[in-house]
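Participant: Can you read through this structure? Questions will come right after.
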Amino acid sequence: MSEPCKTFEPKLKFFGTMNGASGSHTNAFFCPDDETIVFLDMSLLNVYAADDLIRMMPNLRRYYMCVTHNHYDHVSGIDKLAFDVRLYSPGSSLTIIVDERIREETVMHLETGGLRSLPGHYGGEVYELLSFDSYRSAYTFRDKSGKPLSRMVSPEWFVKTIPTSHSLRLSGASGFALNVDGSLIIYSGDTSQLSPYVEFLRDEIGDEQRNARIDPPIEFYLDVMARKEELHLSFSEVAEDLKCLLASYPTMKLILMHYDEVGKLKQLIEKLMPASQGWPVYIAKPF
Ligand SMILES: [Zn+2]
Ligand SMILES: [Zn+2]
């Protein structure tokens, strides 16, 4: 992580931190405990690093994948990862979590990519898919066919999905709200809007964080570009809104990801939200 605070250790680790046109696609992970790993998207560029990680962690038994949307820099490595989980961790399988709005599209993507039930020694389903129904107050999990699940399947670290807008060619895109070691993690995925996350915070915490000592630390991982771009946020256009947000939630740290040009982004941060004025703005770096 970059300045201003060298002691800040973000809860999420990144395989890559940049956009789909770069050689460093934004995919992340965290481990809620010794036996569990949660991936946030997986590009083919990063899946070999993910394999190495899995091999270095022999205690892993539970593997989750949160999918934000079906662009190749976010999903092109998921089928290989699912096969590799079966290979390196016999008896385990990858549980994929998506927002209900993109369930069908995700299943179609995975199954045309080869993730069907396998005969032979792998046996049965290669992956499990759970979709979280974020429509209004209907907080239900569904299986890959869309059937509501009655049993409790929500892992402890999962809070909810946050639907957003990104590309009209997709059925949808969503961010994730997560609880990692007591911190509230907001992971935007790719987004062209800031408002879904502002609304989530308002619903979850209130308009303003009234007591920074009792409210949870918040880490907000946000898709921003240095250049102006239709499908993503541009830092210069949202800087004023981000200042308001950080002023309202004093325990929040903002971590920028999925960027295009790191040099230009640093210049913009220095100009619009400089560390010298105390803005807790960081640039995500690969682990
Ligand atoms: Zn992307
Ligand atoms: Zn995208």
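Participant: DSSP beta bridges in the chain, what fraction antiparallel, as a percent rounded to 5? Provide the component values of the computation, followed by the final result.
Facilitator: On the way: 22 of 55 bridges.
The antiparallel proportion sits near 40 percent.
Participant: Treat every Asp and Glu Cβ in the chain as -1 and every Lys and Arg Cβ as +1, leave all other atoms uncharged, and give the resulting dipole magnitude about the Cα centre to the nearest 20 debye.
Facilitator: Numbers: 29 positive and 39 negative charges, 39 e Å.
Dipole magnitude for the chain comes out near 180 debye.
Participant: How much net charge surrounds THR26 when only the other residues with a Cβ under 14 Å from the Cβ of THR26 are counted, with Lys and Arg +1 and Asp and Glu -1? Don't jump to the answer; show the numbers that get you there.
Facilitator: On the way: positive: LYS13, LYS285; negative: ASP41, ASP73, ASP190, ASP223, ASP260.
For residues surrounding THR26, the net value is -3.
Participant: Counting pairs of Cα atoms in region 163-287, how many percent are more than 25 Å apart?
Facilitator: 21 percent
Participant: To the nearest 10 degrees, how steep is helix 47-56 against the longest Cα principal axis of the chain, on a 0 to 90 scale?
Facilitator: So the helix axis and the longest Cα principal axis differ by about 80 degrees.
Participant: Sequence-distant or interchain residues sharing an amide H contact under 5 Å with LYS144, placed H: which?
Facilitator: Those lying under 5 Å, H to H, from LYS144 are LEU129.
Participant: Using DSSP to define loop residues, name the chymotrypsin sites (Phe, Trp or Tyr not before Pro) in region 35-136 whose beta-carbon has at most 16 other beta-carbon atoms within 10 Å. List each step's numbers first, then the result.
Facilitator: Working: sites: PHE39, TYR48, TYR63, TYR64, TYR72, PHE83, TYR88, TYR122, TYR127, PHE132, TYR135; in loops: TYR122, TYR135.
Sites meeting the loop and neighbour criteria: TYR122, TYR135.
Participant: Report, largest value first, the span of the C-alpha coordinates of the chain along each principal axis, in whole Å.
Facilitator: The Cα atoms of the chain stretch 61, 40, 38 Å along the principal axes, largest first.
Participant: SER195 to ARG151: extension gain in nm, 0.36 nm per residue of separation minus the Cα-Cα distance? Before the final figure, lay out the partial values.
Facilitator: Values: separation 44, 0.36 × 44 = 15.84 nm, distance 3.25 nm.
Stretched fully, the SER195-ARG151 segment lengthens by 12.6 nm.
Participant: Find how many whole Å separate the alpha carbon centroid of region 141-202 from the alpha carbon centroid of region 1-66.
Facilitator: 18 Å
Participant: Sticking with this one: Rounding to the nearest 10 and keeping the result within 0 to 90°, find how far the Cα-based axis of helix 195-204 lies from the longest principal axis of the chain.
Facilitator: Here the helix axis deviates by roughly 90 degrees.
Participant: For region 82-92, take each phi angle, set θ = phi - 60°, evaluate the Karplus expression 6.51 cos²θ - 1.76 cosθ + 1.60, and give the result in whole Hz per residue in order, putting x for glycine and proline.
Facilitator: 4, 5, 5, 4, 5, 6, 8, 9, x, x, 9
Read-outs throughout are calculated quantities, based only on the coordinates presented, and are distinct from any laboratory measurement. Worth saying up front: this structure is predicted, and the values here are computed from it rather than measured. As a convention, Cβ positions derive from the backbone with ideal geometry for all residues, glycine included, and neighbour counts pool all protein chains shown.
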